[in-house]
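Read the structure below first, then the notes.
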Amino acid sequence: MKRLRKSILLILVTGAAALFCITPTVLSHCEIPCGIYNDAMRLDMIAENITTIEKSIKEINALSQAGDKNYNQLVRWIMNKEHHADYLCDTVTEYFMKQRIAPVESTDEAYQDYVRKLTLLHKLMVYSMKCKQTTDMENVAKLREYLGQFRAAYMGQSGSPAAESPEHDHMH
C-alpha cells in the first residue's frame, strides 16, 4: 500500500512538473475558436512587455557598467528581457496572426489593410528579436512606434476593432 502511494505521488509530481514546463504554451489563447477575445488587453500586454524589456535593458546596462559586477542579477535581467521579447512574439503570432487577422484575397479591397497589419506585426517581431540581440534602446523605441501604428490600424479611432474590417467578423 505504501509503495502504491509513493507511485501515485511520483506520478502526480511528475505530471505537475511536466505541466509547469509547458505552461507558456498551454496559456496561449485557445484555437477552438471560443469567441472570447479581448484585443485591447492583448495590445496592453504587448505594451507591458515592451516596458519590461526597456527596464531590463536599463538594468543590464547599469549592471554591466558597475565596477563590482553582480553576474547573478545580470543574468536574471538578461533572461527577463529574453522572456518578455518571446511573450511579445507569442502574442503577435498566436493571438493576432493566427486568430484575429484573417487572410483576404489580393483582389479584395481590404487587402492593403491586411498587408499593413501583417507588416506592422512582422516589424514588432523583428524589433523584439533585435531587443534580444542587443541592449540598444532604439529597438525599444521602434517597438513602441510599431505597436502604436498597429493599434491604430487594428483598433481604428474608436478603440475597438475596426467595424469595416471583415476579418473581425470572420474570426469570431
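The values are calculated or read from the model by the stated rules, or taken from the named source; none is laboratory data. Fair warning: this is a prediction, and the values are worked out from it, not measured in the lab. Every residue, glycine as well, gets a Cβ built from its backbone with ideal geometry; the counts of neighbours run over all protein chains shown.
Of the residues making up the stretch 56-69, those that are over 14 Å from N139 (Cβ atoms) and either under 21 Å from the mean Cα position of the chain (by Cα) or buried (at least 16 other Cβ atoms within 10 Å of the Cβ) (or both) number 2.
Taken together, the residues in the stretch 50-69 that are closer than 23 Å to Q149 by Cβ and either touching a residue at least 60 places away in the same chain (Cβ under 8 Å) or outside the structural domain of Y127 (by TED's automatic domain parsing) (or both) amount to 4. Restricting attention to the stretch 21-33, does a residue exist that is modelled with pLDDT of 50 or more and part of a helix (DSSP H, G or I)? Scanning the stretch 21-33 turns up no residue that is modelled with pLDDT of 50 or more and part of a helix (DSSP H, G or I). Among residues of the stretch 131-149 that are under 15 Å from V92 (Cα atoms) and touching a residue at least 12 places away in the same chain (Cβ under 8 Å), those with a Cβ under 9 angstrom from a residue that is among the aromatic types (F, W, Y) and surrounded by 13 or more Cβ atoms within 10 Å (Cβ to Cβ), sequence gap 6+ or separate chain, pair up as L143/Y127; Y146/Y127.
Residue count for the stretch 134-172 satisfying the condition of being modelled with pLDDT under 95, among the acidic types (D, E) and surrounded by fewer than 18 Cβ atoms within 10 Å (Cβ to Cβ): 2. Please verify whether N72 is surrounded by fewer than 17 Cβ atoms within 10 Å (Cβ to Cβ) and in contact (Cβ under 8 Å) with a residue 12 or more places away in the chain, treating the condition exactly as stated. Criteria not met by N72.
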